[in-house]
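S.K.: Have a look at this one before I ask anything.
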Amino acid sequence: MSEIKKENQKLSVVKTGDERSPDTSYTEYLMEDAKTVPEFMVEETYEYLGSEDIDTSRYISKEFFEKERDCMWTRVWQFACRVEDIPEVGDSLVYDILDWSFLIVRSEEDKIQAFYNSCLHRGRRIKTERGFGKDLQCPFHGFCWNLDGSLKFTPAPWDFQHIKDRDFKLPEVRVEIWEGFVFINMDDKAVSLEEYLAPLPEHHKRWNLGDCKKVIHVSKVVPGNWKTVQEAFMESFHATLIHPEILPFQADENARYDIYGDHMNRNIALTGKPSPNLKNVDEQEILDTIFYGSGRMAADDKILVPEGEEARKVAAQAMRDAFNEADGHDYSDKSDAEMLDAIVYNVFPNFSPWGGFPRNLIYRFRPNGNREDSAIMEAMFLQRNHKDPDKQEKYEPIPIHYLNDDENWDDAEELTGIGFIFDQDMGNIPEVERGIRASKSGKITYANYQESRLRHYHQTMDKYIAKGPFKP
Ligand code: FES
Ligand SMILES: [Fe+2]
């Protein structure tokens, strides 16, 4: 059985902020890849962002939460749904954020529009859930709009003579689409989605998430600030104590952290080498834990690592073969890294599309209504369409699986092998939420490198707050 190393490790210090784990780095591991790794994965894009402490009020105060609401949420591009969630003309769904609610509608075959989900009569939410119809009718008194937002029907028109000459069109919110992800933005003057996301689209081009469909969508309310919850998925540092089961195959402390502009950052954790905090792991144990504990692929039969070979290479090849068989695409020249590693991209403020070729995990984190101490976390999986259109199964949009407060992620059977990992994070969050309130100093201290992505987002948040409130 593997055991946690106790001895202190010597740091090779260059200058503040440039320190790295003394173990083999992620980039060094990439040099051993069986195939060519794309340059944007090899390239390290990191800058030292400072070491100042962070005020705990950013996580717990209503005042800070309101600043986020007024200055940030009204200005940013937010992932609302996937195009395949509303495949037919007339399909619609609701995306809520804080007090706002938006109605996302496929108004034409090639057009998706989004409206403020508030009836122009007495304000009722026009829709509360996913639906299908030829028009958008408010259930209170029956005002009805066409799918493009123009007014279709007025109940008791004799009593609404005064709206005749008015534009009673449903107010729209900006919509732009990237690789099948539908985004909305309340700020008409915001930069385009493409500019906002850059360089994400360039990196992701190769993985082509536009050719995938959502096959799993699970949602859970988590008792913690939305950033506390999101940040639990932005560093690999906590794996040693919170996720001991993955240490045989996940090189946690060697993980890479990259920062790009204001809105994007990335964490890549290598799969197929053990954590430096673990010793005496044999190659077969590594392979077994990848297949039974990573959630990205389940092998029916036990695969053996041949004498003298490495689990990482065997696992990568098994993934190439399995996905080729499942979806017909040719993965023979795809790198070990892209077949195995946790390539976790984050887009400010709350969207996280994993990179790589196997089923891609997508996270979304947002406040639960107007509460600073409760969040909604969602996990989705995208699956690549079969290369041969004749072999593509007819797609039916999948309903969101809402977990109750007394249900665990592991109760969602579709999250094979990964639900228990989320549950380990969930067990920790209420204690972070509680403990942060018990702080004497009112400060927390981040690691310079491993928690640089957290700091990056706080700095971006400050830039939005500095702009002052924006009311759509
Ligand atoms: S509130 Fe919508 S029709 Fe009256
Ligand atoms: Fe975790």
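The values are calculated or read from the model by the stated rules, or taken from the named source; none is laboratory data. Quick caveat, the model's predicted, so the values are computed rather than measured. Cβ placement follows ideal geometry from the backbone for every residue including glycine, while neighbour counts extend to all protein chains displayed.
S.K.: Is it the case, given these coordinates, that Ser101 is more than 25 Å from Pro157 (Cα to Cα) and of a type in the set (Ser, Thr, Tyr)?
M.R.: yes
S.K.: Taking Arg58 as the residue in question, decide whether it is in a loop (DSSP other than H, G, I, E, B), of a type outside the set (Ser, Thr, Tyr) and under 19 Å from Pro469 (Cα atoms).
M.R.: Values: in a loop (DSSP other than H, G, I, E, B): no; of a type outside the set (Ser, Thr, Tyr): yes; under 19 Å from Pro469 (Cα atoms): yes.
No: the conditions fail for Arg58.
S.K.: Now for a separate question. With the structure loaded, tell me whether Phe181 is in contact with a helix residue (DSSP H, G or I) (Cβ under 9 Å, 6 or more places away or on another chain), at pLDDT 95 or above, surrounded by 15 or more Cβ atoms within 10 Å (Cβ to Cβ) and not charged (D, E, K, R) or whether it fails that test.
M.R.: Values: in contact with a helix residue (DSSP H, G or I) (Cβ under 9 Å, 6 or more places away or on another chain): yes; at pLDDT 95 or above: yes; surrounded by 15 or more Cβ atoms within 10 Å (Cβ to Cβ): yes; not charged (D, E, K, R): yes.
So Phe181 passes the test.
S.K.: Given the criterion buried (at least 23 other Cβ atoms within 10 Å of the Cβ) and of a type in the set (Gly, Ala, Ser), identify the matching residue among Ala322, Ala326, Ala316.
M.R.: Testing whether each residue is buried (at least 23 other Cβ atoms within 10 Å of the Cβ) and of a type in the set (Gly, Ala, Ser) leaves just Ala316.
S.K.: Assess whether Asp321 counts as being out of contact with any strand residue (DSSP E or B) (no Cβ under 8 Å at 6 or more places or on another chain) and not aromatic (Phe, Trp, Tyr).
M.R.: Details: out of contact with any strand residue (DSSP E or B) (no Cβ under 8 Å at 6 or more places or on another chain): yes; not aromatic (Phe, Trp, Tyr): yes.
For Asp321, the condition - out of contact with any strand residue (DSSP E or B) (no Cβ under 8 Å at 6 or more places or on another chain) and not aromatic (Phe, Trp, Tyr) - is met.
S.K.: Also: Give Leu209, Leu200 a once-over and let me know the one that is more than 15 Å from ligand 2 (Cβ to nearest atom) and touching a Leu at 6+ places or on another chain (Cβ under 7 Å).
M.R.: Leu209
S.K.: Just one of Ala239, Ala232 is of a type outside the set (S, T, N, Q) and farther than 24 Å from Thr27 by Cβ; which is it?
M.R.: Ala232
S.K.: Within region 81-192, which strands (runs of 3 or more DSSP E) (wholly inside it) include 1 or more residues that are within 16 Å of ligand 1 (Cβ to nearest atom)? If you could, list the steps in order and put the result at the bottom.
M.R.: Values: elements: 91-97, 100-108, 111-116, 135-137, 144-146, 151-153, 172-178, 181-185.
Counting at least 1 such residues, we get 91-97, 100-108, 111-116, 135-137, 144-146, 151-153.
S.K.: Could you please let me know if Ile362 is in a strand (DSSP E or B), out of contact with any helix residue (DSSP H, G or I) (no Cβ under 7 Å at 6 or more places or on another chain) and modelled with pLDDT of 95 or more?
M.R.: Values: in a strand (DSSP E or B): yes; out of contact with any helix residue (DSSP H, G or I) (no Cβ under 7 Å at 6 or more places or on another chain): yes; modelled with pLDDT of 95 or more: yes.
Yes, satisfied.
S.K.: Filter region 240-259 for residues that are within 15 Å of ligand 2 (Cβ to nearest atom) and of a type in the set (Val, Ile, Thr); which is modelled with the highest pLDDT?
M.R.: Residue satisfying both the conditions and the ranking: Ile242.
S.K.: Next question, about the same structure. Among the residues of region 413-431, is any crowded, with 18+ Cβ neighbours inside 10 Å, away from ligand 2 (no atom under 15 Å from the Cβ) and modelled with pLDDT of 95 or more?
M.R.: No: zero hits.
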